[in-house]
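The structure under discussion appears below in the form of structure tokens.
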Amino acid sequence: MPPRVLILTASVGEGHDRPARWLAAQLREEKQDVEVVIEDCLPAMGRAVTLVSESAPRVVFYRLRWLWDLGFWFFTRPALTRELSQRAITRAGGPGLMRLIERHDPDVVVSVYPNVTEVLGRLRRSGRLRAPSIAAITDLAAMHYWASRGIDVHLVTHPESIAEVRTIVGSGGAVYCAHGFTDPAFRDTSSPEVARAALGLPSEGKIVLVSGGGWGVGDVPGAVEQSLTLDGVAQVVCLCGRNEELRQELAERFADEQRVRVEGFTEQMPTWLAAADVLVHSTGGLTVLEALMRGCAPISYGWGRGHVRTNNAAFKRFGLADVAGSRRELRAVLKRTLEAGRPAPNLLLLDVPSAASFVLAAAGVA
């Protein structure tokens with residue numbers, strides 16, 4: 001029987017669905033007869049879990065940012081409220097999640113979404129879930145919910161995350177750094193010159209890439225304005241994700257500025273990051289990792305709430321990315337970064353085992 005793998009995701013932005021798809025592709029490449037199913041698990045877990053995990057963020061990410069800070073603190077910081085919240089989400093979403101898993105009868109379950117990971121861990125510890133479970137962690141920090149006791153293997157994208165995961169799962173927990181949650185094209189070399197030509201960008205001068213993530217959140221207009229004040233910037237490219245309102249706003253605001261180029265959702269991130277000198281990104285996550293792999297200097301700016309605030313502190317602590325808290329500070333950081341020139345690609349992030357190898361091993365494939 002070919003191995004059966006169930007990957008659980010959540011359609012909250014692009015930061016979970018895309019890693020799920022890349023992992024599925026890597027599994028099929030390493031084991032051609034593997035049966036892989038990707039499921040958005042939120043509908044199965046019920047309306048209450050969907051409200052907290054998807055519906056609420058669609059509002060507070062844009063208009064009530066302070067509420068995301070408050071909610072993140074309540075659900076993750078105090079041990080008592082964190083434990084009660086984790087029990088509540090397991091009680092509300094566990095039965096539906098188990099029915100979903102039983103319907104597919106997988107040899108291994110992989111979660112790329114933190115709330116689901118916590119429920120899987122508790123189901124595994126209680127004995128209700130018998131299939132091995134693997135957590136795919138694509139953030140750098142804020143590991144509660146991303147990591148859970150009961151999960152058999154935790155796979156991180158940053159080696160710096162391992163220590164924090166083990167504070168949650170124990171010092172003997174199986175925690176490894178792996179690749180396979182980003183576009184395989186990031187593993188191929190690409191010169192800035194070739195990338196710029198492919199995208200129709202200027203061959204001379206500095207390129208600033210401004211991204212609001214899959215939902216197009218944060219102070220993208222402010223990042224564009226500050227970039228344009230700097231000498232030597234030949235082009236500012238705005239990636240608006242699936243936020244059509246933001247794309248139209250920027251197109252109108254900068255209609256007379258030839259140095260501004262506005263793009264919607266893109267599948268060409270490996271090429272954009274190879275072409276740009278610096279990335280200004282609002283939501284951290286995998287995009288910062290991808291910039292490091294391409295040698296594009298990352299700056300986190302424009303949102304900085306809840307889990308992003310915690311990740312920003314870790315970016316600074318580990319020296320992985322600069323963080324700017326205001327437009328004035330962003331301009332200073334941009335100026336310094338552009339004057340320093342492009343950093344070398346972080347090839348160490350490529351020299352790690354594949355995530356698929358751990359998933360297939362858990363499924364019993366030798």
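The values are calculated or read from the model by the stated rules, or taken from the named source; none is laboratory data. In this text the structure is predicted, and so the values were computed from the model without any measurement. All Cβ positions, even for glycine, are placed from backbone atoms using ideal geometry, and neighbour counts span all protein chains on display. Surface accessibility is based on the protein's heavy atoms, side chains included, excluding ligands, DNA and RNA. Shrake-Rupley method; radii C 1.70, N 1.55, O 1.52, S 1.80 Å.
Out of Leu70, Leu80, which single residue is more than 27 Å from Leu27 (Cβ to Cβ) and at pLDDT below 95?
Going through Leu70, Leu80 in turn, the sole match is Leu70.
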task = Enumerate the helices (runs of 4 or more DSSP H) found wholly within segment 293-366, keeping only those where 2 or more residues are modelled with pLDDT under 95.
result = 307-318
task = For Ala274, state whether it is assigned to a loop (DSSP other than H, G, I, E, B), of a type in the set (A, V, I, L, M) and on the phi < 0 side of the Ramachandran plot.
result = no
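Report the residue count in segment 206-252 for those that are assigned to a helix (DSSP H, G or I), touching a residue at least 40 places away in the same chain (Cβ under 8 Å) and buried (at least 21 other Cβ atoms within 10 Å of the Cβ).
Let us first name the residues in segment 206-252 that are assigned to a helix (DSSP H, G or I), namely 220-228, 244-252.
Filter once more, so that each one left must be touching a residue at least 40 places away in the same chain (Cβ under 8 Å): 220, 222-223, 225-227.
Narrowing the set further to residues that are buried (at least 21 other Cβ atoms within 10 Å of the Cβ) leaves 220, 223, 226-227.
Counting residues in segment 206-252 that are assigned to a helix (DSSP H, G or I), touching a residue at least 40 places away in the same chain (Cβ under 8 Å) and buried (at least 21 other Cβ atoms within 10 Å of the Cβ) gives 4.
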ask   = Looking at (1) farther than 22 Å from Ser11 by Cβ; (2) open to solvent by less than 30 Å² (accessible area, probe 1.4 Å); (3) at pLDDT below 95, which is the one condition that is false for Phe61?
value = (1)
request  = Please note which helices (runs of 4 or more DSSP H) are completely contained in segment 16-60 and include at least 2 residues that are among the small types (Gly, Ala, Ser).
outcome  = 17-30
task = Would you be able to say whether some residue in segment 245-264 is among the polar types (S, T, N, Q) and within 21 Å of the chain's Cα centre (by Cα)?
result = no
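Is it true that some residue in segment 227-245 is in contact with a helix residue (DSSP H, G or I) (Cβ under 8 Å, 6 or more places away or on another chain) and either of a type in the set (D, E, K, R) or at pLDDT below 95 (or both)? Can you show your working first?
Filtering segment 227-245 down to residues in contact with a helix residue (DSSP H, G or I) (Cβ under 8 Å, 6 or more places away or on another chain) leaves 227, 229-230, 232-233, 236-240.
Imposing the further condition that a residue be either of a type in the set (D, E, K, R) or at pLDDT below 95 (or both) reduces the set to none.
No, the conditions are met nowhere in segment 227-245.
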Per-region count, segment 157-202, residues over 29 Å from Arg317 (Cβ atoms), of a type in the set (A, V, I, L, M) and within 22 Å of the chain's Cα centre (by Cα) = 1
ask   = Within segment 266-282, is there a residue that is without any contact (Cβ under 8 Å) to a residue 60 or more places away in the chain and polar (S, T, N, Q)?
value = yes
ask   = Is there any pair with a first residue in segment 176-187 that is at negative phi and modelled with pLDDT of 95 or more and a second that is assigned to a loop (DSSP other than H, G, I, E, B) and surrounded by fewer than 18 Cβ atoms within 10 Å (Cβ to Cβ) whose Cβ atoms are under 6 Å apart and which are 6 or more apart or on different chains, and what are they?
value = Cys177/Val352; Ala178/Val352; Ala178/Pro353; His179/Val352
ask   = Does segment 253-274 include one or more residues that are more than 16 Å from Phe186 (Cβ to Cβ) and open to solvent by less than 10 Å² (accessible area, probe 1.4 Å)?
value = no
query = Does segment 334-357 contain at least one residue that is farther than 30 Å from Arg77 by Cα, in contact with a Phe, Trp or Tyr (Cβ under 8 Å, 6 or more places away or on another chain), of a type outside the set (Ser, Thr, Tyr) and open to solvent by 50 Å² or more (accessible area, probe 1.4 Å)?
reply = yes
request  = Return yes or no: is Arg28 more than 18 Å from the chain's Cα centre (by Cα) and under 26 Å from Gly94 (Cβ atoms)?
outcome  = no
Of residues in segment 115-139 being open to solvent by 20 Å² or more (accessible area, probe 1.4 Å) and on the phi < 0 side of the Ramachandran plot, the one modelled with the lowest pLDDT = Asn115
